[in-house]
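Here's the structure we're looking at; comments come further down.
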Amino acid sequence: MTDSINQIVIVGGGSAGWLTAAIIAAEYETQPTADPVGIPLAITLIESPSISTIGVGEGTWPSMRTTLQKIGITETEFISRCDASFKQGTAFRNWHHSDDSGYVHPFTPPLGYEELDLAGHWLSHPHRPPFAEAVGTQAAVSKSHLAPKQITTPEYAFNVNYGYHLNAGKFAQLLQEHCVQRLGVHHVRANVIGITSHENGDIKALQTDTANSIPGDLFIDCSGMNSLLLGTHYNIPFHNVDHILFNNSAIAAQIDYQNPTDPIESCTLSTAHSAGWIWDIGLPTRRGIGCVYSDQFMNRDQAAAKLKSYIASTVSPDAGNSAALREIRFNPGYRQKFWHRNCVAVGMAAGFIEPLEASALVMVELSANMIATQLPADRSAMQRLEQQFNAKFEYRWHHIIEFLKLHYVLNERSDSDYWVQNRAASSIPDGLQTALKNWQHRGPWHHETQHADDLFPSASYQYVLYGMGFAPQPDPRLKRRAKDQAHRAMALFKENEEMTRQLLAALPDNRSLIDKVGLHGFPKI
Amino acid sequence: MSNYTILRPDHHQNLCVDMSRSAALGDEVSQVLTYPLEFRDIQSCYPIFFTKDSETGAFMPVALLGLNTGQNLFMINDAWDAHYIPKLIERNPFLIARPANANPNQTSQPKLSIDLDSPRVTEDRGEALFDSAGAPTDFLENIIAMMQRIHQGLEHGAQLSQALVAHELLEPMTVNLTLADGESKVLEGFYAIAEETLFNLSGEALQTLNQAGFLQPIYMAIASFSRLNDLMARSNSAKQQRAESL
């Protein structure tokens, strides 16, 4: 057995598999070059012809712009090929009360965030606009269905920060072509039917039904919920979190616009219902709408009825009745470890949680980036990376789960046991309970010790807390700089109003910009 | 706002146009579109930069006439103070464009249009367009010839821009100027020839550019930067005159 790591085998041809392949292949030469000494890294992706991809995961974080740029796909090609549109955040409705006006969690932190915490000044403002609108431009830009940039803005650059909504099937297809045609990834269409191991328990090769046995030095499990290598083969236990996040089912539909020129939403819309919530993602070509729920509190037919009535009221009654529904069941949670021996799981094979903050693809990007940049050259150095990877991603899962739970704990809905139980202390992780107690006296700001691996910055906590009506008790003590800070806060509020006015006048709407991208493309510079 | 309409003898027989240079007639602009076929003349008077078309994001060359929005440092007492007037200034109030065609496969002939809302368009002042029999005057014949040259020039210019993008020969450029009275000016949103990339271009690429007639305008655009000194001098003397008249 050779100890050098020269062959990577990825199992699974969904977004997770192809994105991982692309990120690693963008880092290493995959074919022999003129260099007489260096060795290329061979990457093989095995895709089952009989398993279809789950086809959700249609929202990204702004990190996807960097990822696409790094793997060498132009933004123009990406948008045209994947029916992508621009995502500027999430708009939550009915999460606080059963018929509230909602709040926005945008991708941009409050204005002057490093210098001053505007939240306290916003709370004492007599006629205050919604928090996100008072402290930033993005909520207002999103509300008007405006794009985050202009046709003259270089690709991947922005006026206001953004990620994407995309067609997951088409995204996997584009990544596949890019990986195979431009990055030298071997594509094998076959089902994995057996695993051969080394004596020490490392995976040696995968047996397939139609191709030969495929040997490798590192195996990446992107097989989705099957978790073929990490779960089925290695039996790594699953850490279930449905006592914290109750949702374990979804029903999804794809709905045409009533009129092909209808505006495209700038945010993922997330509308709470009596036992879960409904996502609504606007692509240029269609809307993806799905009902997430807990089967402890609602049965399948009730959930389907919720979904249909949402579609009927936001699209058309006909669309509600004729929608083709697809059902998804999941265990919310993650594997106790993600890297085991010479096998690492990425994507749903590692864990799955409701897509409330679109954390699925960003976790794939982070996992693949860590593999790509820290890939040991020799098996003997893999043990240490295994420990680091597991510690990092366990922390991240933990952090995501607490942040998602935050969306639920301040609800004041009384229409169902689901919402009552969601605010019960027994369902809230200890860390979050402690944080909530501390925030009673001082709201979160960047002074909170930031962990380098935190996925959600303190600004995100602010948007959710203040969106949900949270208000820390004012500090009764007199502060020497109180007056200066109040002046500065007023100046920032004014500046934000002015910047908002300018952006509302300058930015095109999403649909016009996407049409123009199709015609002219974004400039590179 | 402008109101362009295709020029027709039966509709526009009595129109005259005032072709004199004047701020009131719309010449007070700080930049004007140009094209490579006039770069030789442009670079002897004005700096040439590239900027993006706000509708398409495509790059287009412009001659810089002033340092502030709406400032033309070459308009002095309603006279144009340079030996060459950019063709896209002279063409006002005319435009040549292909009308939108219902059938996209069929390219329509470019048509001469006139901006009926331009202050240059009158019925009693300037040059007549048609004679009493409805035939184009010599003046209009000359305009038609000029507009055809401009049309070809702009199409060639669009190809130049595409070639510059393909060879990564454009780079963002921020111009920082300090005027005599200490005021600093920052000109943003401009792009210039990436000289280092140009110097490292392969012989093959240079030959391609040369055969398409792009190499000469590229060097002319580079040479034109020195005209910024003249713009600064004009700005300084305009400011001084304003100060003295106060």
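A count restricted to the stretch B:59-69 and to residues that are facing chain A (nearest Cβ under 9 Å) and at pLDDT below 95 stands at 0.
What are the residues in the stretch A:514-523 that are at the interface with chain B (Cβ under 10 Å from one of its Cβ atoms) and either in contact with a Pro (Cβ under 9 Å, 6 or more places away or on another chain) or within 12 Å of A:S144 (Cβ to Cβ) (or both), if any? Across the stretch A:514-523, the qualifying residues are A:K516, A:F522, A:P523.
This table checks each residue for (1) away from chain A (no Cβ under 14 Å); (2) surrounded by 13 or more Cβ atoms within 10 Å (Cβ to Cβ).
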residue	(1), (2)
B:D115	yes, yes
B:L129	yes, yes
B:V186	yes, no
B:Y191	no, yes
B:T208	yes, yes
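Do we find a residue being in a helix (DSSP H, G or I) and touching a helix residue (DSSP H, G or I) at 6+ places or on another chain (Cβ under 6 Å) anywhere in the stretch A:186-196? So far as the stretch A:186-196 goes, no, none of its residues is in a helix (DSSP H, G or I) and touching a helix residue (DSSP H, G or I) at 6+ places or on another chain (Cβ under 6 Å).
Comparison of A:G136, A:G89, A:G112, A:G120 shows that the only residue that is in contact with a His (Cβ under 9 Å, 6 or more places away or on another chain) and not polar (S, T, N, Q) is A:G89. Annotation for the stretch A:46-60: at least one member residue is on the phi > 0 side of the Ramachandran plot, under 20 Å from the mean Cα position of the chain (by Cα) and in a loop (DSSP other than H, G, I, E, B).
Yes/no per residue for (1) over 22 Å from A:A275 (Cα atoms); (2) loosely packed, with under 13 Cβ neighbours inside 10 Å:
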residue: A:R442; (1), (2): yes, no
residue: A:V464; (1), (2): no, no
residue: A:L478; (1), (2): yes, yes
residue: A:K483; (1), (2): yes, yes
residue: A:R488; (1), (2): yes, no
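In the stretch A:233-251 there is at least one residue that is closer than 28 Å to A:W277 by Cβ, at pLDDT 95 or above and among the small types (G, A, S). Residues satisfying the criterion are present in the stretch B:170-183 (criterion: buried (at least 16 other Cβ atoms within 10 Å of the Cβ), out of contact with any helix residue (DSSP H, G or I) (no Cβ under 8 Å at 6 or more places or on another chain), modelled with pLDDT under 95 and within 14 Å of another protein chain (Cβ to nearest Cβ)).
For the stretch A:278-301, give me each residue that is in a helix (DSSP H, G or I) and in contact (Cβ under 8 Å) with a residue 24 or more places away in the chain. Result: A:R300, single match. Residues in the stretch A:432-473 that are closer than 20 Å to A:W419 by Cα and β-branched (V, I, T): A:V464 alone. State yes or no: is A:E77 more than 21 Å from A:V344 (Cβ to Cβ) and among the acidic types (D, E)? Criteria met by A:E77. Checked against the criterion of being part of a helix (DSSP H, G or I) and either of a type outside the set (A, V, I, L, M) or modelled with pLDDT of 95 or more (or both), the candidates A:R442, A:R488, A:R480 yield just one match: A:R488.
In the stretch A:135-159, the qualifying residues are those that are crowded, with 21+ Cβ neighbours inside 10 Å and among the polar types (S, T, N, Q), and the one that is nearest to the other protein chains (Cβ to nearest Cβ) is A:T137.
Do we find a residue being under 30 Å from A:K149 (Cα atoms), within 14 Å of chain A (Cβ to nearest Cβ) and of a type in the set (A, V, I, L, M, F, W, C) anywhere in the stretch B:31-45? No; the residues of the stretch B:31-45 include none that is under 30 Å from A:K149 (Cα atoms), within 14 Å of chain A (Cβ to nearest Cβ) and of a type in the set (A, V, I, L, M, F, W, C). The set of residues in the stretch A:67-121 being within 22 Å of the chain's Cα centre (by Cα), aliphatic (A, V, I, L, M) and under 30 Å from A:W419 (Cβ atoms) consists of A:A91, A:V104. Can you find a residue that is touching a residue at least 24 places away in the same chain (Cβ under 8 Å), part of a strand (DSSP E or B), of a type outside the set (S, T, Y) and touching a Phe, Trp or Tyr at 6+ places or on another chain (Cβ under 8 Å) anywhere in the stretch A:160-178? Yes: the stretch A:160-178 contains one or more residues that are touching a residue at least 24 places away in the same chain (Cβ under 8 Å), part of a strand (DSSP E or B), of a type outside the set (S, T, Y) and touching a Phe, Trp or Tyr at 6+ places or on another chain (Cβ under 8 Å).
Here A:W95 fulfils each of the conditions (1) in contact with a strand residue (DSSP E or B) (Cβ under 9 Å, 6 or more places away or on another chain); (2) more than 28 Å from A:R286 (Cβ to Cβ); (3) in a loop (DSSP other than H, G, I, E, B); (4) not hydroxyl-bearing (S, T, Y) apart from (2). Every listed requirement among (1) within 25 Å of the chain's Cα centre (by Cα); (2) without any contact (Cβ under 8 Å) to a residue 40 or more places away in the chain; (3) in a loop (DSSP other than H, G, I, E, B) is met by A:E199 save one, (1). Total residues in the stretch A:316-351 satisfying the condition of being hydrophobic (A, V, I, L, M, F, W, C), part of a helix (DSSP H, G or I) and crowded, with 20+ Cβ neighbours inside 10 Å: the figure is 2.
Just one of the numbered conditions (1) surrounded by 14 or more Cβ atoms within 10 Å (Cβ to Cβ); (2) within 30 Å of A:T271 (Cβ to Cβ); (3) modelled with pLDDT of 95 or more is not true of A:P457: (3). Within the stretch B:83-101, being closer than 15 Å to B:S44 by Cα and buried (at least 19 other Cβ atoms within 10 Å of the Cβ) holds for B:P86, B:K87.
Only one entry of A:T210, A:T261 meets the criterion of being out of contact with any strand residue (DSSP E or B) (no Cβ under 9 Å at 6 or more places or on another chain), among the hydroxyl-bearing types (S, T, Y) and assigned to a loop (DSSP other than H, G, I, E, B), and that entry is A:T261.
The values are calculated or read from the model by the stated rules, or taken from the named source; none is laboratory data. The shown structure was predicted, so the numbers you read here are calculated from the model rather than taken from an experiment. Using ideal geometry, Cβ is built from the backbone for each residue, glycine included, and neighbour counts are taken over all protein chains shown.
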